[in-house]
1. Could you pull out every one of the lysines with an alpha carbon less than 18 Å from that of A:LYS180, ignoring same-chain neighbours closer than 8 positions?
2. For a quick check of your reading of the filter: which GluC sites (Glu not before Pro) in segment A:84-158 sit in a DSSP loop and have no more than 15 other Cβ atoms within 10 Å?
3. Under a crude label model (7 Å from the Cα following the beta-carbon direction), how far is A:PHE246 from A:ALA229 in nanometres?
4. Give the angle, between 0 and 90 degrees and rounded to the nearest 10, that separates the Cα long axis of helix A:168-179 from the longest principal axis of the Cα atoms of chain A.
5. What average number of partner chain Cβ atoms lie no more than 10 Å from the Cβ of the residues making up B:228-241?
6. I'd like to know which of A:SER369, A:LEU420, A:MET346 lies farthest towards the positive end of the charge dipole of segment A:292-428, counting +1 on Cβ of Lys and Arg and -1 on Cβ of Asp and Glu.
7. Quote to one decimal, in nm, the extra length available between A:MET276 and A:SER79 on full extension: 0.36 nm per residue of separation minus the C-alpha distance between them.
8. Sticking with the crude label model, points 7 Å out along Cα→Cβ, report the distance from A:ARG13 to A:THR130 in nm, one decimal please.
Amino acid sequence: MHHDWNSPQQLARLRRRHAANRRMKWIGLAAIGLAAGALALLVISLVATGWPAFTQTRITLQFDLDPKLVKPDDMRKGSWRKIIKTALLKEVGPVKSRKDRRKILKIISRGAAYELRDHVMKHPDLVGRTITYAVLAADPFDQFYKGVIPEYIGEGEKRFFNPRLGSPVVVAAFRKLIDKGLVSAPFNWGLFFNADSRLPEQAGLAGAIVGSFLTLLVCFLISFPAGIAAAIYLEEFAPKNRFTDFIEVNINNLAAVPSVVFGLLGLALFLGWFGMPRSAPLVGGLVLSLMTLPTIIIATRSALKAVPPSIREAALGIGASHHQMVLHHVLPVAMPGILTGAIIGMARALGETAPLLLIGMNAFIPDISNMGILDPATALPTQIYSWADSPERGFVSRTSAAILVLLGFLLVMNAAAIWLRQKYSKKV
Amino acid sequence: MSTEPNATGMKPLEAAEAEEAMREVLAGEGVADAASELAPGVPEPETLAEGQMEGDPAVAEPACNQDCKIITRHVNVFYGDKQAIFDVSLDIPDRAVMALIGPSGCGKSTFLRCLNRMNDIIDICRVEGDIRLEGVDIYSGEIDPVLLRARVGMVFQKPNPFPKSIYENVAYGPRIHGLAKDRTELDEIVETSLRKAALWDEVKDRLHAPGTGLSGGQQQRLCIARAIATRPEVILMDEPASALDPIATARIEELIDELKQNYCIVIVTHSMQQAARVSDRTAFFHLGRLVEEGPTEQVFTNPREKRTQDYITGRFG
């Protein structure tokens with residue numbers, strides 16, 4: 001007898017199966033929605049907080065570069081603050097009280113004097129002339145101009161003047177500058193090209209970017225060749241015995257060790273035992289390579305395992321020796337997988353903070369002109385950590401901006417991994 | 001040898017009958033009847049296997065009145081504790097095609113892979129016995145496996161060109177073995193090999209295109225060209241046409257026919273028709289034992305063993 005495919009039981013069963021299909025699909029979509037939502041929330045909050053840091057308030061003034069004040073023989077000894085003071089008061093107009101004058105002068109960043117000095121030192125022919133130059137506004141006025149902090153805090157009875165802005169007289173003077181069209185907020189190139197500074201308006205990520213680059217370079221140069229060599233040995237040459245099993249288990253365990261432990265190991269081994277310099281990218285790179293090595297070994301091994309045996313047989317079948325088989329045929333085919341693993345390992349190393357803090361790679365680096373792998377340095381994640389700790393309002397937005405820059409680098413690295421994988425796969 | 005009527009002692013009448021019966025085999029009809037007529041008088045399979053185990057020279061040293069390229073004696077192969085090949089003794093003539101047939105898992109591929117030591121790459125595999133290539137024991141250490149594999153080329157079941165250009169696929173072997181002094185000589189080897197593999201005309205304009213972009217049949221001929229390029233003496237083929245369509249198969253078979261003028265060819269095949277078409281001699285393997293070996297016509301039309309007959313007539317396998 002034939003089964004009745006149209007019986008009510010059978011149809012009900014079919015409906016239940018379709019309902020289960022739909023349920024599964026919706027659960028999956030909900031999970032993806034949750035993940036995407038969390039990511040969007042993170043990025044939106046970072047952009048909202050970090051956005052102001054990508055512009056920097058500047059005040060355009062006329063500076064009279066009187067040789068008597070500039071001291072062309074040694075401009076370092078020039079009276080730059082006096083030049084700025086004169087230029088500012090010329091625009092604000094006469095201020096009677098000496099106390100107010102001093103407060104008004106605080107509209108301009110303390111770093112402006114050095115900025116102006118460096119500018120004139122680069123162009124010595126400007127001495128003796130009157131130049132138009134946009135100098136940095138101090139952090140409170142930078143924030144005020146961008147609308148991050150208000151003039152008055154609180155409501156009604158409790159409303160009071162924001163003490164960061166000095167006094168109403170100063171704000172009035174700043175408003176006058178705005179009315180004259182002297183205040184502007186161009187793109188903040190300093191965020192990328194300046195070294196760190198105590199002054200938020202002057203602080204940039206250049207030191208951290210260079211430090212991270214040097215650290216990752218050391219990390220890559222050590223962990224990439226060593227990881228591939230170790231993986232090739234374990235996968236292709238090592239006899240399968242208890243000793244190699246033991247090594248394999250330990251490599252898998254190492255990949256799961258918290259990074260702070262590697263930091264402690266680096267502190268004890270590289271700094272304590274070998275006496276390497278503190279805070280140096282060399283040590284940072286060594287510590288991170290310890291951490292990245294297991295990841296690269298595991299990625300390389302699985303990439304080698306995934307190479308079809310037919311390619312190995314083909315190579316051996318025409319008399320290639322074992323190492324020729326590996327180098328000429330297996331490794332090129334495995335390369336996309338190896339590169340992907342390596343780049344993902346490096347991306348993880350780029351974002352690693354704890355081990356770098358332990359070896360002191362959160363140094364304050366106000367000058368990036370001579371950064372080597374043996375000099376004290378900082379890195380992007382540790383810079384974020386330092387800035388997040390700073391009380392000035394300007395560092396709040398700069399911290400978010402620095403996180404965005406770090407995420408940008410991670411995005412570029414992951415994109416590179418995908419690009420390399422596709423490029424190599426196409427060749428195959 | 002006179003007691004064994006398998007190699008040369010075929011009378012014209014028998015031969016005619018054999019031809020007739022073989023046509024039936026190829027047609028796949030009326031075989032059972034023909035086979036059952038021949039069945040009486042054939043010893044029980046078990047008895048014969050016993051005899052082989054003891055190394056009875058009459059059975060273990062099959063007639064081979066041509067120059068034997070490879071001589072194997074009492075070959076046993078183990079995968080760990082499991083024995084895959086039991087005491088196989090087989091002589092393989094030069095400039096001829098030897099087909100290894102038998103049901104899946106009978107050890108014919110394993111035996112084939114012993115001949116160029118491809119089993120070495122399997123850790124748990126152990127080979128016992130004597131395998132001689134032109135009188136030299138290939139497992140003795142007198143021949144390096146790397147050089148052995150240059151002399152004994154191999155073509156695999158699935159076409160497996162390297163993911164490189166057509167030119168590089170063929171040039172790779174000569175390059176690693178230092179067979180060409182310069183680029184011109186290498187180009188020459190590549191061209192000759194591709195011509196011998198009947199692929200030259202199809203690829204001469206795109207030698208630097210990837211080998212993996214060719215059709216399945218072309219890929220397999222490229223693999224044959226790659227095997228020929230190291231100037232081997234023996235070519236082992238492990239079901240070379242099983243992944244190909246009938247037209248590509250026919251081209252490969254034509255090619256095998258061409259190549260046997262210059263090479264000793266050993267081919268493993270699941271297709272009885274293919275064995276009948278391309279081989280000069282056939283060896284039937286069953287459960288790791290060599291059941292029967294002889295001229296192809298005789299094995300197909302007048303097998304000594306009931307198991308052989310059952311297999312080629314499709315009773316099992």
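1. A:LYS85, A:LYS90, A:LYS146
2. A:GLU151, A:GLU155
3. 2.3
4. 80
5. 1
6. A:LEU420
7. Separation in residues times 0.36 nm, less the Cα-Cα distance, equals 66.7 nm.
8. 9.7
No lab work stands behind these numbers, since they all come straight from the coordinates. All of these numbers come straight from a predicted model, not from anything done at the bench. Cβ atoms come from the backbone with ideal geometry, glycine included; neighbour counts cover every protein chain shown.
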